[in-house]
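Accompanying notes for the structure given below.
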Amino acid sequence: MSLCPCGSNIEFSTCCLPIINGDVKASSPEQLMRSRYSAYAKKISRYIFDSYEKISKKEQSLDDICSWANETQWLSLIINHTSSFEQDYSPSHPLPTVDFTAFYRHEKRFFRMRENSRFVLEDLHWRYVDADTAEHIELPTPSRNDLCICQSGKKFKRCCANK
Ligand SMILES: [Zn+2]
Ligand SMILES: [Zn+2]
């Protein structure tokens, strides 16, 4: 029993895991984005690779995704904005986007990144295409009693310090 890394406040086993396992399809770009974040947090690299759209996938290596996932602890996700999308999605429309902020730790240093990611429907499955990075900065390491870097409002020692 553990809450889903994507911040939904739902159990992982009923939130992103069924999507990662392929039992359920992501019903929106946001769901796919959340499931990819959770796969990073749980180091399920194969799913991250598989959920790339096929042209972007050619530029990816499973080994690189694996080592990046293994070196990184994903701490928190905030969805800032999702564009509307048509259920009868057509390739002539602009690609739907999800704007998110994510917090992670890499080699004992803390980072915040904000991206606007693009998604496409491919064979009736939402896939990740690419993203514009709006921000990617290192954060000062907080003291244990400081407010957490992830904007949860909790003290650091009760939040990301333990993740
Ligand atoms: Zn989730
Ligand atoms: Zn936190």
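Laboratory data are not the source of any read-out in this text; all were calculated from the coordinates shown. As the structure is a prediction and not an experimental result, all values here were calculated from the model. For neighbour counting, all protein chains shown are included, and Cβ atoms are generated from backbone atoms with ideal geometry for every residue, glycine included.
Note on His106/Lys43: beta-carbon distance plugged into 1/(1 + (r/R0)^6) with R0 of 22 Å gives a FRET efficiency of 0.95.
For the chain, give the share of DSSP beta bridges that are antiparallel, in percent and rounded to the nearest 5; count only bridges with both residues there.
95
Dividing the alpha-carbon radius of gyration of the stretch 1-97 by the rule-of-thumb value 2.2 N^0.38 Å gives 1.11. Backbone amide hydrogens, once placed in the peptide plane, bring Ala26 within less than 5 Å of Trp126, excluding anything fewer than 5 places away on its chain.
A cut-off of 5 Å between modelled amide H atoms, ignoring neighbours fewer than 5 places along the same chain, links Cys4 with Asn9, Ile10, Glu11, Phe12.
Just flag the GluC sites (Glu not before Pro) in the stretch 1-65 sitting in loop per DSSP whose Cβ has no more than 10 other Cβ atoms within 10 Å.
Details: sites: Glu11, Glu30, Glu53, Glu59; in loops: Glu53, Glu59.
The qualifying sites are Glu59.
The stretch 87-163 and the stretch 1-44 have Cα centres lying 14 Å from one another. On the principal axes of its alpha carbon atoms, the stretch 48-140 extends 44, 29, 16 Å, with the longest extent given first. Here the sum of -39500 (n - 2.57) over DSSP H runs of 4 or more residues, divided by the residues of the chain, equals -6000 deg cm²/dmol at 222 nm, to the nearest 500. The phi torsions of the stretch 123-133, fed into the Karplus equation with coefficients 6.51, -1.76 and 1.60 and a -60° offset, translate into couplings of 6, 6, 10, 5, 10, 8, 9, 6, 8, 9, 8 Hz, rounded to whole numbers, with Gly and Pro shown as x.
Here the Kirkwood formula puts the hydrodynamic radius of the chain at 16.4 Å, using every distinct Cα pair.
Checking the cross-link pairs Lys42/Lys155; Lys42/Lys108; Lys43/Lys108; Lys58/Lys108; Lys57/Lys108; Lys108/Lys155 against a 22 Å limit on the alpha carbon distance flags Lys42/Lys155; Lys58/Lys108; Lys57/Lys108 as lying beyond it.
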